[in-house]
Amino acid sequence: MADDGRKCALGYDFKLIKQGAEAKVYKGNYLGRPTIVKERFKKSYRLLDLDNHITKERIKSEARAVLRCKIAGIHTPALYLVDFERRCIYMEDVQNSTTIKDYITQISEEAENEAGTAGSLLMKLYPIAQEIGKVLGKLHANNIIHGDLTSSNMLLVKDEKDTLTIVLIDFGLSHVESSMEDKAVDLYVLQRALMSTHANVDRLFATILDAYMKENKKESHEVLKKFNEVWARGRKRTMVG
Amino acid sequence: MVIAIGFEGSANKLGIGIVHNGVVLSNCRRTYITPPGEGFLPRETAQHHRSLVLAVLSQALREAAVTPEQIDVVCYTKGPGMAPSLQTVAIVARTIAQLWNKPIIGVNHCIGHIEMGRMITGSDNPIVLYVSGGNTQVIAYSRNRYRVFGETIDIAIGNCLDRFARVLKLSNDPSPGYNIEQLAKKGKKFLSLPYVVKGMDVSFSGILSYIEKQSYQLLKSGEYAPEDLCFSLQEVLFAMLVETTERAMAHCGSQEVLIVGGVGCNLRLQEMMETMCHERGAKLFATDERFCIDNGVMIAQAGFEMFRTGNLTKWDETTVTQRYRTDAVEVTWR
């Protein structure tokens, strides 16, 4: 089978750790470094032409965005190798990291056990939310649209001094665009993801947005205006009155 | 033992159905069909429903072989949908609830689709893809709500297909989407279209504008046949849906998918979803046009679940609303 051949091609050092929606993720060693390989495997439900086109675009987007982020001073995993032939990207395996999703879930459970109020939980998550807002502000100030902002696509790294760093991952849907519309939709996607995944901390987004505004000052007013417009579209709001 | 009757009329289908503890006793429906190239307008749709609703009601009772006395609860669509047609049907439901002296329940249309899909297919806790003329949502259940993980940020998928059918002047009988599906089967040449996925959300309006604008020239020059355009449009739109559904599955760690809503009876969409599920070792649940397309049974079934858990609608709240989100309803029965 072609599929097995591809797995072997990655070498025996690599172990499949996850099958996401888009890619199979392998963990292993590449040139002596802990490495993640993301293989955007063929999706047989899509037409071959369409699938090839989409995959190629996404690999390109991911590589480009990582580079742009690096220039802008936003943390992302370092890129080691891009292999169009095998539809793979090799990148740094960020050590000592958890996804924001797991982190919020963990903190929520702890708070529940301590019988804390929603307010105290929010207080605990406040520094993280601030940090997220800051990173996103910077991202948009540099005209990078992530395209798939969720709590699973952000890593939290804590060093020995307890300094928090947010590392953004999964740039497959990203593009470079200066329009307010795209930035607003990017934020909207994040808010929706937070609402559906972490319903207990729905106010978290307000803090993120606050920090975002401070970071991306120049555009904050217009992005917010667009953001409200996006919410008013279609069937997304409930009719009052 | 509960017998529930459901009234549905949020769009161009008028449906009345009766269920008896999860068993469908009758499922009657009429569709307001407009001439090719035209959509259905609120006022005319309401007139259609008004002129047929009593005939459909007696047919539903007759086929189910129940008398009004045997019915335990009257359920109707509260929203979302077009106001005039919602109102027409709600008035009938309110009237018979009073005449027969029965409790009444206003049901969220989207919840109706989900609950009936679960009842018919027996799926327990699926990721739901709800695709119809007015809605496109990827839904998962968590903590007493059906939460919307992904949805269209502009028009619905069915709306996109219907409006393209109007461009091609396809017949609206039995539905524009069905006729696109039949043409698409004969399509061969793929036209590259925009592919718009934003996280778990999708957007269709740009794709529609693009193909609307291009189609005249493409068809005139003979470069593409209408079949090819239908084929290309379906392939791209459905790939977007399957992709976002798969994203939600990965995000929630779910191994079941349920497709509901009118577009859900498209066999190509079901086939693509099946392929995706197969690759993930997941299971697909889908229904045919009797249950996919708006009907009264779905309202009766969701109403039955609400009735069972004491979730009645107060008389002065038996109104209708054009906007009524899936995640606005507290789920008391799961």
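See the values below:
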read-out	value
B:GLU181 being surrounded by fewer than 18 Cβ atoms within 10 Å (Cβ to Cβ), away from chain A (no Cβ under 14 Å) and in contact with a helix residue (DSSP H, G or I) (Cβ under 7 Å, 6 or more places away or on another chain)	no
Residue check for A:SER152: in contact with a His (Cβ under 8 Å, 6 or more places away or on another chain), within 14 Å of chain B (Cβ to nearest Cβ), among the small types (Gly, Ala, Ser) and assigned to a helix (DSSP H, G or I)	yes
Where a residue in the range B:185-196 is facing chain A (nearest Cβ under 10 Å) and its partner, wherever it lies, is loosely packed, with under 12 Cβ neighbours inside 10 Å and not in a loop (DSSP other than H, G, I, E, B), with Cβ under 6 Å and at least six apart	B:PHE190/A:ASP49
Hits in the range B:16-41 - residues which are crowded, with 17+ Cβ neighbours inside 10 Å, closer than 19 Å to B:GLY133 by Cα and out of contact with any Asp or Glu (no Cβ under 9 Å at 6 or more places or on another chain)	B:ARG30, B:PHE40
Residue match in the range A:183-206 (condition: of a type in the set (Gly, Ala, Ser), in a loop (DSSP other than H, G, I, E, B) and modelled with pLDDT under 90)	no
Single residue of B:CYS252, B:CYS277 found to be at pLDDT below 95 and within 14 Å of chain A (Cβ to nearest Cβ)	B:CYS252
Tally of residues being in a loop (DSSP other than H, G, I, E, B) and more than 10 Å from chain A (Cβ to nearest Cβ) across the range B:150-170	3
Residue in the range A:78-94 that is more than 23 Å from B:CYS252 (Cα to Cα), touching a strand residue (DSSP E or B) at 6+ places or on another chain (Cβ under 8 Å) and of a type in the set (Phe, Trp, Tyr) present	yes
Residue ID - surrounded by the fewest Cβ atoms within 10 Å (Cβ to Cβ), chosen from residues in the range B:104-149 that are part of a loop (DSSP other than H, G, I, E, B) and away from chain A (no Cβ under 13 Å)	B:GLY122
The lone exception for B:ASN101 - which of (1) part of a helix (DSSP H, G or I); (2) over 22 Å from B:ARG290 (Cβ atoms); (3) not β-branched (Val, Ile, Thr) it fails	(1)
Selected residue (only one of A:THR150, A:THR163 is of a type in the set (S, T, N, Q) and without any contact (Cβ under 8 Å) to a residue 24 or more places away in the chain)	A:THR163
Some residue of the range B:232-242 being surrounded by fewer than 24 Cβ atoms within 10 Å (Cβ to Cβ), within 18 Å of B:TYR130 (Cα to Cα) and small (Gly, Ala, Ser)	yes
Long-range neighbours under 6 Å by Cβ, at least six apart or interchain, first residue touching a residue at least 40 places away in the same chain (Cβ under 8 Å) and more than 11 Å from chain B (Cβ to nearest Cβ) within the range A:44-64, second part of a loop (DSSP other than H, G, I, E, B) and of a type in the set (Phe, Trp, Tyr)	A:GLU62/A:PHE171
Spans of strands (runs of 3 or more DSSP E) in the range B:1-75 with at least 1 residues within 20 Å of B:MET298 (Cβ to Cβ) and of a type in the set (Lys, Arg)	B:13-20, B:23-31
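To keep it simple, each residue is scored yes or no on (1) within 11 Å of chain B (Cβ to nearest Cβ); (2) within 26 Å of A:THR105 (Cα to Cα); (3) touching a Gly at 6+ places or on another chain (Cβ under 9 Å).
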position: A:GLY137; (1), (2), (3): no, yes, no
position: A:HIS140; (1), (2), (3): no, no, no
position: A:LEU156; (1), (2), (3): no, yes, no
position: A:GLU160; (1), (2), (3): no, yes, no
position: A:ASP170; (1), (2), (3): yes, yes, yes
position: A:THR197; (1), (2), (3): yes, yes, no
position: A:LYS214; (1), (2), (3): no, no, yes
position: A:LYS218; (1), (2), (3): no, no, no
position: A:ASN228; (1), (2), (3): no, no, no
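The values are calculated or read from the model by the stated rules, or taken from the named source; none is laboratory data. Please read all numbers here as calculations on a predicted model, not as lab measurements. Heads up, the Cβs are rebuilt from the backbone with ideal geometry, glycines too, and the neighbour counts pull from every protein chain shown.
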